[in-house]
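Colleague: Here it is, the structure in full.
Nothing in this text is a laboratory measurement; each read-out follows from the coordinates by a stated rule. Please read these numbers as outputs of a predicted model, since none were measured by experiment. Cβ placement follows ideal geometry from the backbone for every residue including glycine, while neighbour counts extend to all protein chains displayed.
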Amino acid sequence: MARLDLSNIKKSFGETPVLHDISLNVADGEFVSLVGQSGCGKSTLLRIIAGLESPDSGDILIDGVSVRDSAPKDRNIAMVFQDYALYPHMSVGENMAMPLVMARLPLYARLPGMRSVIPVGRRTQPEIRGEVEKVARQLRIDHLLDRKPAQLSGGQRQRVALGRALVRNPQVFLMDEPLSNLDAKLRVQVRTEITELHASSGLTFVYVTHDQVEAMTMSNRVALLQAGHLLQVGAPNALYSDPASLDVARFIGSPEINIAAGEREDNGVRLGQALLPVSVTGQGPVQIGIRPETLSVADAPGLINPGPSAHLPKLTLRKRMIEDLGPEVLIHGAFDHAPDALIRVRAQKSDAYGASDDLTRAQSLQVMLNPQQLLFFDAQGQRLEARAQIAAEVA
Amino acid sequence: MADLAAPTPHWSDRIRPKSLRGLLGTLLLFLGAWVMVFPFIWMISSSLKPTDEVYDSDFTIIPKTFKGWENYYAVIFEQPYLIFLMNSLIVCIGILVIQLLTAIPAAYALAKLKFKGSTILFGTVIAAITIPINVTSIPLYIGLVKVGLLDTYFAMMFPFIVSVFAIFLFRQFFRGFPDSIIQAARVDGFSEIEIILRLILPSAVPAMAAFSVFSFVAHWNDLYWPLIVVQSQDKMTATLSMMQYQSAFDTDYGRTYASATVVTAPMVIAFLFARRLFIRGITMTGVKG
């Protein structure tokens, strides 16, 4: 149980800066994901929290106490690594017991063979075994305690790594891409298990991932990093619906947000043949972010008909390719007026089991935009405020 | 269903060459093997001969006059052969243990710890491999004379207690050890020494076995340094004891060869037993987590 505060963390490797002035507060019991592409500095930040790297400047506070100069073992944190980092020559039980052995026994009692000879060792031995077994039961790996890591499957190793982190009852639980070595099916399952673990343990979690779906589904808040900068911190939905910049909008959401160039006009923003009845703050060119799932296709065979939204601005989409995902289809194409900008539309089928053959034959489609669901950015990618123009709506 | 398993070949098929190229290859290998083995045959043959027959122009492998009993009796019973063997063992094991004790922490530091100057330090280690013992032996000898430690086990081991080759070998091996395991250990509260003892060493057994063989054989066979620092018979190593049959006036070659055979035998026998370990050490693989 602890809150974690990072203030003005800076770090560079040689001449290359990897973290620029990162500040982040994680509340007690919160689940925060650090998400970003590989090389964005998220793992480095996690290792700085763990004490495996030291920051060039800035401070790390756990429960208000600076741990900047403490060794990893004195921070009362636990960490789960991407490749699980199990001790290869020790059994599962020994792996899980290690953090407790290290914490409770003095050095001389930890020497090989001494644990069962020295009184302290003899006293703590059954107590450690009890705790290991308790956590193992909780993770359903109690039947594996005598195995070696090499004899386990990926999912089992993952659980052992979680167990080793859990036994020490840490204040902060750090995870570095713990799911990326699992196959897709198992990943979804373990994702749920980690979320449940967070709920039942009430511990503070910091979770590093490059997968926005993991970040969105598991965390209370998501911190998005790019090239060593903290772009935005917020609830998963806030990052999706209210991104601070184009980079955030691009990263969150799958398939990626469409970007179309718009022009300011007196009574709105022009996008090809459509005039969007919105007024946008600032000056200069406008980039319009259109989420693929907010576009709807009018009168398309086999797709859900958007119905009474006929007054929405329409654009012609030249279709290039269709991906049939089962219940929905992904249409790749480009607007008539800008054939170079790729536009993706994600549309629900009217019959989830229906075929998309008719759609495959169609050359171009009428696509409707909902101006309220559009995101506007300036040329530098900063978010612009947009307000609906009542007057334009009449026109 | 067709029987997919190949029929077991008759033993003679395995040694019978399949073609002319195969025949040439076999011949070449046979020649190579002969070059390797012939000195041993010569050694054993000569150890059974009287001295005047060893350099007889009319060479035969089977001795004309059999002096085997006398030669071997003299080597094994007329000198403290067991003392020599024990001296060799003490020196070889002592050197090996201290080499492992010094090289493993040094190699770990060079492979896994980040500190200023580690690259230069490693460069120095590589450079040190190129320095031959003959260069350092005179200053070392003079030093040992000055402190009065000549003719001691210490003097026999001292130049070899730090092996740069071992540091290099272990450093290369340790580099393959996953960093994340070391980091997990640091989070779990291991000290650096415990990381070495509990995690690195168990995975480095093949490398240690390979190095042990190299080191043990090298120092068992070493004649040069014991010849310099050993003065009395009770510190003489087995290899050095061969020199006893040599004097300024004449050399008993039969006995020298018998002595060489007796000294070589333990190593050859040990190698035959540990061959598997030795080969595994040379073709060592990394850790799979």
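Colleague: Show me, for segment A:280-297, the HN-Hα J-couplings you get by feeding each phi into the Karplus relation (A = 6.51, B = -1.76, C = 1.60, θ = phi - 60°), rounded to Hz, glycine and proline as x.
Modeller: With the stated coefficients, segment A:280-297 comes to 10, 5, x, 10, x, x, 10, 9, 9, x, 10, 5, x, 7, 8, 7, 10, 9 Hz.
Colleague: A further question follows. If the only charges are +1 at each Lys and Arg Cβ and -1 at each Asp and Glu Cβ, what is the size of the charge dipole of chain B around the Cα centre, to the nearest 20 debye?
Modeller: Dipole size: approximately 1240 debye.
Colleague: May I ask for the distance between the Cα centers of segment A:192-222 and segment A:224-258, given as a whole number of Å?
Modeller: If we compute the Cα centre of each part, the gap is 17 Å.
Colleague: Moving on to the next point. Rounded to whole Hz and in sequence order, give me ³J(HN,Hα) for segment A:131-143 from the Karplus expression 6.51 cos²θ - 1.76 cosθ + 1.60, θ = phi - 60°, writing x for Gly and Pro.
Modeller: Going residue by residue, I get 5, 4, 5, 4, 5, 5, 5, 4, 8, 6, 10, 5, 7 Hz, with x marking Gly and Pro.
Colleague: While we're on this one: Give me the distance in nm between label points sitting 7 Å out from Cα along the Cα-to-Cβ direction at A:S153 and B:L272, one decimal.
Modeller: Here the modelled spin labels are 4.9 nm apart.
Colleague: How long is the gain from B:Y81 to B:L23 if the chain were fully straight, where each residue apart is worth 0.36 nm and the alpha carbon distance is subtracted?
Modeller: 16.3 nm
Colleague: Provide the per-residue ³J(HN,Hα) series for segment A:61-78, in order, calculated from phi with Karplus coefficients 6.51, -1.76, 1.60 and θ = phi - 60°, each as a whole number of Hz, with x at glycine and proline positions.
Modeller: Going residue by residue, I get 10, 10, 6, x, 9, 5, 10, 3, 9, 8, 6, x, 5, 8, 8, 6, 10, 10 Hz, with x marking Gly and Pro.
Colleague: Relative to the longest principal axis of the C-alpha atoms of chain A, give the angle of the C-alpha long axis of helix A:184-201, reported between 0 and 90° and rounded to the nearest 10°.
Modeller: With both axes taken from Cα atoms, the answer is about 60 degrees.
Colleague: Moving to a separate point now. Using only the alpha carbons, work out the radius of gyration and Dmax of segment B:86-237 in angstrom.
Modeller: Spelled out, the Cα radius of gyration and Dmax of segment B:86-237 are 17.6, 55 Å.
Colleague: Sticking with this one: Towards the positive end of the charge dipole of segment B:145-248, with charges on Cβ (+1 Lys, Arg; -1 Asp, Glu), say which of B:V217, B:F168, B:A207 has the farthest Cα.
Modeller: Positive-end residue among those listed: B:F168.
Colleague: Note down the Stokes-Einstein diffusion coefficient of the protein assembly as shown in µm²/s, whole number, using a Kirkwood radius over alpha carbon pairs, 20 °C, and 1.002 mPa s.
Modeller: This corresponds to a translational diffusion coefficient of 66 µm²/s.
Colleague: For B:F30, A:F205, which order do you get if you count the other beta carbons within 10 Å of each Cβ and list the fewest first?
Modeller: B:F30, A:F205
Colleague: Helix A:92-104 versus the longest principal axis of chain A: what is the Cα-based angle in degrees, 0 to 90, to the nearest 10?
Modeller: The angle comes out near 70 degrees.
Colleague: Then there's this: Name the residues of segment A:1-35 whose amide N is less than 20 Å from a point 7 angstrom out from the Cα of A:S54 along the C-beta direction?
Modeller: The answer is A:5-22.
Colleague: Here's a follow-up. Amide H neighbours of A:L295 under 5 Å, counting only residues 5+ apart in sequence or on other chains, H built in-plane at 1.01 Å?
Modeller: The list, which skips near neighbours in sequence, is A:R346.
Colleague: List the equivalent ellipsoid semi-axes of segment A:255-394 in whole Å, largest first, each obtained as the square root of 5λ for an eigenvalue λ of the Cα gyration tensor.
Modeller: 28, 15, 12
Colleague: For peptide A:79-91, compute the average count of partner chain beta-carbon atoms within 10 Å of each residue's beta-carbon.
Modeller: For peptide A:79-91, the averaged partner shielding equals 6.
Colleague: Expressed as an acute angle from 0 to 90° and rounded to the nearest 10, what is the orientation of the C-alpha long axis of helix A:154-167 relative to the principal long axis of chain A?
Modeller: 60
Colleague: Report the Stokes-Einstein translational diffusion coefficient (µm² s⁻¹, integer) for segment B:16-75, Rh taken as the Kirkwood radius over Cα pairs, at 4 °C with viscosity 1.567 mPa s.
Modeller: 95
Colleague: If the viscosity is 1.002 mPa s and the temperature 20 °C, what Stokes-Einstein diffusion coefficient in µm²/s follows for segment B:165-265 when Rh is the Kirkwood radius over Cα pairs?
Modeller: Rounded, D is 125 µm²/s.
Colleague: Would you calculate the volume per residue, in Å³, of the smallest convex hull containing every Cα atom of chain B?
Modeller: 243
Colleague: Across peptide A:45-53, what mean number of C-beta atoms from other chains lies inside 10 Å of a residue's C-beta?
Modeller: 2
Colleague: Along the principal axes of its C-alpha atoms, what lengths does chain A span, in descending order and rounded to whole Å?
Modeller: 88, 49, 34
Colleague: Would you mind getting me the FRET efficiency between A:K134 and A:A235? Use the beta-carbon distance for r and R0 = 35 Å, nearest 0.05.
Modeller: The value I calculate is 0.55.
Colleague: Given an 8 Å cut-off on Cα distances and at least 6 residues of separation, report the relative contact order of chain A as a percent.
Modeller: 16
Colleague: Right, something else. Run the helix sum for the protein assembly as shown: -39,500 (n - 2.57) per DSSP H stretch of 4+ residues, divided by residue count, reported at 222 nm to the nearest 500 deg cm²/dmol.
Modeller: -13000 deg cm²/dmol
Colleague: Ok, one more. Quick query: amide H of A:V18 versus all other amide H atoms, modeled in the peptide plane; which residues come in under 5 Å with a sequence gap of 5 or more or a different chain?
Modeller: A:K11, A:S12, A:F13
Colleague: If you count, for every residue in B:189-195, the Cβ atoms of partner chains within 10 Å of its Cβ, what is the mean?
Modeller: Average per residue, whole number: 5.
Colleague: What's the FRET efficiency of A:T316 with A:E15 using the Cβ-Cβ distance as r and R₀ = 56 Å, to the nearest 0.05?
Modeller: About 0.65, to the nearest 0.05.
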